[in-house]
Amino acid sequence: MNPSALRLLIVDDTALYRKVLADAAAQIPGLEVAAAVGSGPLCLGRLAAEPIDLVLLDVFMPEMNGPEVLERIRRDFPRVAVVMISGATGADAAITVKALADGALDFIPKPQTASFADGMARLRQQLQHVVRLVQLRRLGSTAARPSPRPAADPAPPPVPRPPRRSLSPPPALDLLVIAVSTGGPAALQAVLPRLPAGFRLPVVVVQHMPAPFTRTLAEQLAKLCPLAVAEAGDAEPVRPGRVLIAPGGRHLELARDADGALITRLTDAPPVNSCRPAADVLFQSVARCSPRGVVSLVLTGMGEDGAAGVAALKAAIPLWSIIQDEATCVIYGMPQAVARRELDDESLPLSAIAPRLVELARTRL
């Protein structure tokens, strides 16, 4: 027994998948399988009986489903990290996205590949990412970069060193762009529903999440928000009163049409910062569009995505850069990367962000 290892509890009603998860977890340094059980009540019993750091929790189970177990864990064992195990069907995606908004740290999609070896390799990489998340959450620091997800990762293009913090917000604002990753569904649910129907800035969001989960996220936020919310398509107009969310697996850029209006562009370019969509790609495309002024908002998330994009925006156009403060982040990685470059103009707790955005949009036409 390694006293520094994270103790893992696997909860899945399928014996075969419990074994697959346990076999994959056994190969991850810093992770120790404490037990694998087949139901919610057995999970809660184990949590009461022994120290557990991390629960891998299936979405659909008899007796108690995943969200019901999550609710009990959040209430009775709040220090335990929960990662959902999800299929990619519509029902699984909807429940998983809601679980993320309700406090699950992250999720692992069930393997979709026909090759067992490929599926196990992918699962090990996902578990390595989860271990890093839990370690960073425990330490309260993100000084180290995350283990990359399995994708090519070309470095973002260099940008000129921009001016540092702004003295005041731009006199005119045309757009709000948001970058978010781990902890994102809960953070977005705390911000976007509080923007009123008359909010005059178009909103464009990059949330690190694969398809079809981004579409489900947009659908769930649409039910909560006064603004219209949708997953972005290609060549869509970017208009006030509307929130567009980058689709999982594709980069979202903004461009100008023949009349000079802002529109979306979806691309399949290689991942940046191990991400597709990447906030740096969106932010850098906005800089090329030369709007009168932009608000950037970098929320909770692991890694550095968004920092180079904020630098590009500050170098090219009037920008007001807001980051979520460390105390309210699930993972203070992406906001910290902006702060370390001295590119943040305001660092705000999550509860203060929506009122500040409303104030900025109301006073700058």
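Derivation of every value follows stated rules applied to the coordinates shown; laboratory data play no part. Worth saying up front: this structure is predicted, and the values here are computed from it rather than measured. Glycine gets a Cβ as well: all are built from the backbone with ideal geometry, and neighbour counts include every protein chain shown.
Structure values in brief
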quantity	calculated
Degrees separating the helix 350-363 axis from the principal Cα axis of the chain, which is the longest one	20 degrees
Gyration tensor verdict on segment 175-363 (Cα atoms; rounded if a/c is under 1.5, prolate if a/b is larger than b/c, oblate otherwise)	rounded
Computed label-point distance, nm, for sites residue 117 and residue 19 using a 7 Å Cα→Cβ extension	2.0 nm
Value at 222 nm in deg cm²/dmol, rounded to 500, when DSSP H runs of n ≥ 4 in the chain each add -39,500 (n - 2.57)	-11000 deg cm²/dmol
Ranked list, fewest to most other Cβ atoms within 10 Å of each Cβ, for 43, 329, 289	289, 329, 43
Rounded to 10°, Cα long-axis angle of helix 66-76 versus longest principal axis of the chain	90 degrees
Likely footprinting exposure, 19, 223, fewest C-beta neighbours within 10 Å first	223, 19
Global geometry of segment 6-139, whether rounded, prolate or oblate, following the gyration tensor of its Cα atoms and the 1.5 cut on a/c	rounded
Virtual spin-label span in nm between residue 139 and residue 290, 7 Å along Cα→Cβ	4.4 nm
Two-site label geometry, residue 65 and residue 234: point separation in nm, points 7 Å out along Cα→Cβ	3.5 nm
